[in-house]
1. What ranking of 169, 205 emerges when the number of other C-beta atoms within 10 Å of each C-beta is taken as an exposure proxy, fewest first?
2. In what order do 202, 31 fall by count of nearby beta-carbon atoms within 10 Å, going from fewest to most?
3. Taking every DSSP beta bridge with both residues inside the chain, roughly what % is antiparallel (nearest 5)?
4. Can you tell me how much longer the chain between residue 214 and residue 168 gets when fully stretched, taken as 0.36 nm per residue apart minus their C-alpha distance, in nm with one decimal?
5. Rank 47, 162, 134 by mean-square fluctuation in a GNM of the chain with C-alpha springs under 10 angstrom and give only the top-ranked residue.
6. Taking only the Cα atoms of the chain, how large is their convex hull per residue, in Å³?
7. Note the full-extension length gain between residue 79 and residue 67 as 0.36 nm times their separation in residues minus their Cα-Cα distance, in nm to one decimal.
8. May I ask for the percentage of alpha-carbon pairs in the range 1-75 that lie more than 19 Å from each other?
Ligand SMILES: Nc1ncnc2c1ncn2[C@@H]1O[C@H](COP(=O)(O)OP(=O)(O)O)[C@@H](O)[C@H]1O
Ligand SMILES: [Mg+2]
């Protein structure tokens, strides 16, 4: 990348309960498209995302469009335009789809972008009065991603949005992310390498709380030795998903 990236993370460190979880994560998120954040289970992907958002105590540097954000509280980062679809989806099961979206609305000049959300997810329009707890895993993921698109965010961070979904639903969610990324750049934590191959231009690989590799996604995925060494594909949890249940 020649121009400075949208998000520039340098030497991000996170200490939780006296334990060093991250000891030096470097990460650039491009201004366009999907940047994938990869690594084996426990490598520190979720902690990196939570560190970027200020949800855990952090040190180091996180520049959003050139401005330092370490030291700013999470609500300020959210107001500055970082949308977050967390690993557990963060859906209110007892509320309807429409209510879940309404709760995500932020006051701003533009007003919530229901047009965009319903264009990308017609299913959410059809199901707006359905209780979110009765949606399938894929539909809940659409609510989680839809919420990040409501407020004109500058960056969307999605943490393993395809996890635990049936293959057909993985494809649907990938399509949605692909379209979302045409509107807003996405940092995608993803274990499914078929999804990474399809969506991501750039990738960052973490290992043991550090950045182990940064580069173009096609280059890494085309290098069998590097993917095996960095991701353990073929004998670990990063092998492309098989027929798991749609939770
Ligand atoms: N709140 C926490 N307290 C203690 N250890 C944690 C906490 N959150 C994560 N960890 C540990 O930090 C490591 C990285 O976790 P995580 O960021 O969730 O990895 P990933 O998302 O890559 O699977 C793991 O060893 C995990 O057990
Ligand atoms: Mg995780």
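1. Ordered from fewest to most neighbouring Cβ atoms within 10 Å, 169, 205 come out as 169, 205.
2. Least to most surrounded, the residues fall as 31, 202.
3. Around 60 percent antiparallel, to the nearest 5.
4. 13.6 nm
5. Result for the chain, Cα springs under 10 Å: 134 fluctuates most.
6. Measuring per residue, one finds 124 Å³ for the Cα hull of the chain.
7. This chain segment gains 2.9 nm when fully extended.
8. 33
Quick note: the coordinates plus some simple rules give every number you see, no bench work behind them. Here the structure is a predicted model, which is why all the values come from computation and not from measurement. Note that each Cβ is placed from the backbone with ideal geometry, even for glycine, and that neighbours are counted across all protein chains shown.
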